[in-house]
Amino acid sequence: MARTDNTMDILNLQFTGSEAEKQHIIFSVGDEEFGLDVLRVQEIIRYVEPTKIPHAPAFVEGVINFRGEIIPVINLRRRFSLQSVSDHDFSVIIVIETNGKTFGLTVDQVSDILSIPDDKIQPAPEFSARAGTEYLKAMGKLGNRLILILDLDKIISLNYQKELEEAIEASLPSIS
Amino acid sequence: MITITDRENNFIDEELLSAFITETREQVERLVLILLQIEQNLDGQAEFIDEMFRLAHNIKGSSGVIGLTELTEVMHEIENLFSAVRNGQYYLDNQAIDLLIAFTDEFSSYLEKDITAISFDGEKWLKQLQSLAQKKASPGHTEQPTSALVLNPEEKAQVSSWQQEGKKVYEIEISFTPEAKVRSASVFIFLRFIRNYGIVLKTAPAEETIHNENYSTFKMILLTEKQLSAEERDTIGTYPINEGVNKINIQEWEANKDNHPNNLHQNNGEHDNQLANHTIRVGAERIDKVINQLGELMTIKTNLFHLYKNGYEGKSTWENFSRILQELDQTVSKLQMSAMDLRMIPVRQLFTRFPKIVRDIAKQLGKRVELHFVGADTEIDKQMGEALIDALTHLLRNAVDHGLEDVAERQALGKDPTGHITLSARQEGSYIVIGVTDDGRGLNLEKIRKKAIANGLISESNNLSPEEIIRLIFLPGFSTVDQVSELSGRGVGMDVVTTNLKKLQGDIDVQTEPGKGTTFMLKVPLTLAIIQSFMVKVGGQIFGIPVTDVVQSIVIKEEEIHSIGTQKIYYRYPETIPLVDLGEYFRFPFPQNQNRIPVVIINCGRSHAGFVVEELIGIEDITIKPINKAMGEHSQIAGAALIGNGKIGLILNHQQIAQQALKVQ
């Protein structure tokens, strides 16, 4: 593994020690930078290959053992319908807790922990060609960086993709 | 059944009696704990009074059931006392606590005796309790209680908003000498006087109850518009109301002063409650065993440490290492066993509730029934045992309702007019088998078959063996009783029992003989936490199938597999077993060797099915863990287990998989 234990420790230290409010953990999936409220993040762990679950949706990579608890892991590349990577040197699993549900998100790389001021956050566009935009809650602008802030409920919703397709379907006549 | 006679010539069942003793002992112990806690802080009694009242009420109720009249009377008096405390009409002082503790002492030692032969001396306790209760109306003999002034959340809010407006809040306390007479008059006069200065928010005791005279102090909260001058405070402090008044104390109210210790107290109480619900009685020798084995582990650790320090000294180092590892393995297994033992209880504790249930149903149906226990000392994991209660209750009801004939019918058949039901328990390896046996009419196979046809479960042309017909009763929606009775046969019966058992990784079996009776056998693992699982590999991953449903594991050749349409089958005399290729079905492909195809044959409903796997690994003891439901339920996976190297093995919900896979194909 290219990444040393040290890096993980520093990352985890940073986010436990940081001021909670408006702090976002910044990571990349494909060419985009994403942000997640650090309050939702339990821990960042180095990528381990999850145990696959038969007949699970494709974006569910499997389950891992997180401190004795068996939690599902969602691969964001697959969730955003991007090409999978076989090189996991920089991949990490971000362990999230929201509404009593604990799960992991596999992302390409974690880069930063940043404060994004409220006035730099704007609502997400309805549809866009960018990968992953359908799972957004908002967007943050920091200089020339665009941080896409994820909506966790949409990420874990099994039906969301279907709902989305139906919504597009319904809006088609007006587009054409 | 062993029955004994009490003083009123009612029958007391011995099992019921032992349940009463165990239960009551626990409740008395809890009561003593609370009393001791109140003794430390009399003002905290309000926090505990509900629980104390409940305990007293429960003990009274169960003493009544057992027929211990004297005890019931005493408990009734105590209940009254607690009720008075709850209503603010009485305050438990040290004398009352002493009396109650003395009573619980005698009660506890009474429970150790043969309570059916010796009656409880309730008379003296009744007298003392009654004189205690009367004292509230005749003050002066002993130290009078002080009342606590506790604000409810609404009042607290009122006080703090008053303070925020810059206004003042005072606490005034009048203490009486023990000889003080007509305290209510003093209080009344003082209240009228003090209302010149501000608003009286709350008093303790409450203003409506001052005529009880049973207080040594009278406290109040006074809200004033502005700060009282030293002069005014002096006037209040020396207000000449009565010579019985010791002193009048006035000070500014500190919101937190009262808040803090009270909250702390409450939390303690809640914590204790939780503990009480999850306590378990464990024999000291079992704990010693765990401690001893921990000692052994420490020795092994020391040995390992030495070995490491000595460094590598050739082959002998490895031999020593391997020997120590072996010891470690054994000790850890032993420790695991003794740790699990801590949770074991004799099934007797579960069985105690059943005689009453059986008796009630029998009475309702006009049948005569005796319930027998066999192997009631067999031990079972407490949690597992509790999970079985519903199933056993259902089976017992069925046995009385459907299994046993009524008195006339039994006499006509030349049988004992009293029907016999036996609840038995025994251990078989890592399983407990609990049996419910009746000596009734036995299952009517023809009736079951007809009913199943009528319900569309099978068709007329189905040629089923007797065993297959019997297993029909476990299918959903099956009920043979034409009239749905109040007791059983609600149409959800047996299949619910079966479903519950499957959840516990257990199984059910029936044996029946016409005219002789029926036995239902429940087979469950000794504990919920650890199950035996048959491990297999599919597509490089490890999966487990609960051993209870594994019939056989075999290795067959490609040429032994036949096809009916798209369905692959394996023929094993005299049955045809449908196969599910798990690699293909899960889309976890693996290379197959045509001459060595591993197959696990499992029970699937009434028949068998075979799972084609990549590799057979064997039976392992595993601890099942649930999978976090963030992504919803995975109906085909029952749970996960940590296997070596921190890896995860998924435990298959094999029934579900077999049913779905075979339906699809």
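The values are calculated or read from the model by the stated rules, or taken from the named source; none is laboratory data. No experiment lies behind these values; they were computed from the predicted model shown. A quick note on method: Cβ atoms are made from the backbone with ideal geometry, for glycine too, and the neighbour counts reach across all protein chains shown. Just so you know, the surface numbers come from the protein's heavy atoms only, side chains and all, with ligands and any DNA or RNA stripped out. Shrake-Rupley method; radii C 1.70, N 1.55, O 1.52, S 1.80 Å.
Observations, loosely collected:
- Protein heavy-atom accessible area occluded, B/A pair - total, 1.4 Å probe, Å²: 1900
- About its Cα centre, the dipole of the stretch B:350-525 is roughly 280 debye, where the only charges are +1 on Lys and Arg Cβ and -1 on Asp and Glu Cβ.
- Peptide B:382-391 is shielded by partner chain Cβ atoms: per residue, an average of 0 of them sit within 10 Å of its Cβ.
- Only Cα pairs under 8 Å and 6+ residues apart enter the sum, and on that basis the relative contact order of the stretch B:3-137 stands at 28 percent.
- Over the stretch B:350-525, relative contact order from alpha-carbon pairs under 8 Å, at least 6 apart, %: 24
- Averaged over the residues of A:47-58, the number of partner chain Cβ atoms lying within 10 Å of the residue Cβ comes to 5.
- Acute angle (nearest 10 degrees) that the helix B:45-66 long axis makes with the longest principal axis of chain B, alpha-carbon atoms: 60
- The value of relative contact order for chain B, using C-alpha pairs under 8 Å at least six residues apart, is 8 percent.
- The long axis of helix B:284-310 is offset from the longest Cα principal axis of chain B by roughly 70 degrees.
- When the alpha carbon gyration tensor of the stretch B:3-137 is reduced to an equivalent ellipsoid, its three semi-axes come out at 27, 15, 12 angstrom, largest first.
- Taking Cα centre as origin and charging only the Cβ of basic (Lys, Arg, +1) and acidic (Asp, Glu, -1) residues, the dipole magnitude of chain B rounds to 1540 debye.
- Solvent-accessible heavy-atom area per residue, rounded to whole Å², over the stretch B:530-664 at 1.4 Å: 47
- Taking label positions 7 Å along the Cα-Cβ direction at both A:Thr98 and B:Val510, the computed distance is 5.0 nm, reported to one decimal.
- Coil-residue GluC sites (Glu not before Pro) of the stretch B:523-570, DSSP, other Cβ within 10 Å capped at 13: none
- Each peptide in B:348-359, B:280-291, B:307-318, B:445-456 was scored by the mean count of other Cβ atoms within 10 Å over its residues; highest first, the order is B:348-359, B:445-456, B:280-291, B:307-318.
- To the nearest ten degrees, helix B:315-341 and the longest principal axis of the Cα atoms of chain B are 60 degrees apart.
- Here, P(r) means the percent of Cα pairs in each 5 Å bin from 0 to the largest distance; for the stretch B:153-258 it is 2, 12, 24, 24, 18, 13, 6, 1, 0.
- Cα-centred dipole magnitude for the stretch B:546-665, charges only on beta-carbon of K, R (+1) and D, E (-1), debye, nearest 20: 260
- Inter-chain Cβ neighbour average for residues B:634-640, partner chain, 10 Å: 4
- Ratio Rg/Rh [Cα only; Rh per Kirkwood] for the stretch B:284-342: 1.12
- Peptide ranges B:215-221, B:48-54 listed from the most packed, as the mean C-beta count within 10 angstrom indicates: B:215-221, B:48-54
- Per-selection Rg to Rh, the stretch B:350-525 - Cα, Kirkwood hydrodynamic radius: 0.96
- Estimated [θ] at 222 nm from DSSP helical runs (n ≥ 4, -39500 (n - 2.57)) normalised by residues in chain B, nearest 500: -14000 deg cm²/dmol
- With one equal scatterer per alpha carbon and no solvent term, the Debye-computed log10 I(q)/I(0) for the stretch A:30-154 at 0.10 1/Å reads -0.31.
- Selected from B:Asn80, B:Val32, B:Ser63, residue furthest toward positive end of dipole (the stretch B:30-89; charges at beta carbon): B:Ser63
- Coordinate range along principal axes, alpha carbons of chain B, Å, largest first: 111, 82, 53
- Cβ-based net charge around B:Phe190, under 13 Å, with every Lys or Arg adding one and every Asp or Glu removing one: +3
- Here the Karplus curve 6.51 cos²θ - 1.76 cosθ + 1.60, taken at θ = phi - 60°, turns the phi angles of the stretch B:150-166 into couplings of 10, 8, 7, x, 4, 5, 4, 4, 4, 4, 6, 6, 4, 5, 5, 7, x Hz, with x standing for Gly and Pro.
- Ordering of A:81-93, B:573-585 by burial proxy (mean other Cβ atoms within 10 Å per residue, highest first): B:573-585, A:81-93
- Amide H contacts for B:Gly419 (H built 1.01 Å from N in the peptide plane; partners 5 or more residues away or on another chain; cut-off under 5 Å): B:Arg368, B:Val369, B:Glu370.
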